[in-house]
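Below is one structure, written out as C-alpha cells; comments come after it.
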Amino acid sequence: MRLVAMCAVVTLWVLPAYAEDRIDRLAQAMNLSKYMEILASEGDTQRLELDETLLDNTGGAFFEAQVADIYDTVWMQAQITEALARGLTETQLDQAALFFESDLGQTIVTLEYSARQAFSDQAIEDLARDSYRSVARDSMRFELVKEYIEVNDLIDQNVQGALSYDYNFFKGLDHNSIRDDTDLLAELLEQQDSMTVETTTWLYSFLLMAYSPLDEAQMRENIAFSRTETGQALNAALFDGFDRMFDGISYRLGAAVAQVLQGSDL
C-alpha cells in the first residue's frame, strides 16, 4: 500500500501546476482533510469492534498501531485527489470548486460533516432512523432527498462499494488461503439484498437529518448541480477514489487481524 500511495503522489506531481492548484482548491472547498479526520476516527471505532468480535480483545497496542497506520489521512486524501485528477477536466474542477465555495456549498459541507460526526453517537443515529421510518413519503422533504439519492445513484454505488470492501477484508484476512474467489463472492452476493435494505435506511436517515436545515430552493439547487456534467463527473470521481481507498484499507485491516490471530496461535 505504501507503493500505491507513492504512485498517487507521483501522479499528482507530474500534473501541470495549474491542474494541481485546481485540485487543491476543490479539496479545500470540500474540506477533504476534515473528512479524512472523521474517517480516521471511525477507523478507531472499527478497531475496537474488530478487537472485540474477532480478536477476543487481544489486539492490544500492536493492533492499535497497525490500524492507526492504515488510516493514514495523508494517504487517504491522496486517493481522492488523484481520482479527481483522473475524472474531471480543468473546467469541471473550476466549476465544482465554485459550487462548493459558494454559501450553499459551504453549508452543505458543514451539514454533512456535522451529521457524520453526530452519527458516531448511536443514540443520535437511532433517532435519525426513527425519523426516517416515520416521515411522510409524500412530503416535499422526503421527495427531495429521494431525488438527490437517485440522481447520484447513491444506493447501488454504496452497496457495490460495501461488497467490494467486504471482499477485500476477507482476502486480507485469508490472504494465504487457496480458497476459490468465486465461493467468497457468492457468499457475499447472498447478502446483497439485506445490504441494500440497510444502505437505503442509513442513507435516508443520514441525509434527512443532514439536510433538514436546507429549504426547498437550496435542495433543488443542490440537486441541479448534481445533474450537471460536472456534478456527475465529480460524483463518479469521488466514488472511484473512495472505493480505491476503502478497498486498500479493508484489505490491510483483514491482514492486520490475521497477523494478530497468527501471533496468538504461536
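The values are calculated or read from the model by the stated rules, or taken from the named source; none is laboratory data. Nothing here was measured: the structure is a model prediction, and the numbers come from that model. Positions of Cβ are generated from backbone atoms using ideal geometry, with glycine treated the same way; all protein chains shown enter the neighbour counts. Protein only, heavy atoms only, side chains kept; ligands, DNA and RNA dropped before computing areas. Shrake-Rupley method; radii C 1.70, N 1.55, O 1.52, S 1.80 Å.
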Which one of these is among the charged types (D, E, K, R), under 30 Å from residue 185 (Cα atoms) and part of a helix (DSSP H, G or I): 141, 129, 133? 129
Would you check if residue 119 is over 30 Å from residue 66 (Cβ atoms), among the hydrophobic types (A, V, I, L, M, F, W, C) and surrounded by 14 or more Cβ atoms within 10 Å (Cβ to Cβ)? no
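Could you count how many residues in the range 138-175 are on the phi > 0 side of the Ramachandran plot and either free of Cβ contacts under 8 Å to residues at least 60 places away in the same chain or open to solvent by less than 60 Å² (accessible area, probe 1.4 Å) (or both)?
Residues flagged as on the phi > 0 side of the Ramachandran plot and either free of Cβ contacts under 8 Å to residues at least 60 places away in the same chain or open to solvent by less than 60 Å² (accessible area, probe 1.4 Å) (or both) within the range 138-175 amount to 0.
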For the range 57-95, enumerate the residues that are open to solvent by less than 30 Å² (accessible area, probe 1.4 Å) and either assigned to a loop (DSSP other than H, G, I, E, B) or within 13 Å of residue 31 (Cα to Cα) (or both). 59, 71, 80, 81, 88
Residue match in the range 188-199 (condition: in contact with a helix residue (DSSP H, G or I) (Cβ under 7 Å, 6 or more places away or on another chain), within 25 Å of residue 40 (Cα to Cα) and not in a helix (DSSP H, G or I)): no
Single condition residue 135 does not satisfy, out of (1) among the β-branched types (Val, Ile, Thr); (2) over 18 Å from residue 235 (Cβ atoms); (3) touching a residue at least 40 places away in the same chain (Cβ under 8 Å); (4) open to solvent by 40 Å² or more (accessible area, probe 1.4 Å): (4)
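Please pick out the residue among 214, 184 that is open to solvent by less than 50 Å² (accessible area, probe 1.4 Å) and farther than 27 Å from residue 79 by Cα.
214
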Any residue in the range 221-243 that's under 11 Å from residue 80 (Cα atoms) and in a helix (DSSP H, G or I): show its pairings with residues that are open to solvent by 30 Å² or more (accessible area, probe 1.4 Å) and of a type in the set (S, T, N, Q) at Cβ separation under 7 Å, as long as the two are six or more apart or on different chains. 239/157; 243/164
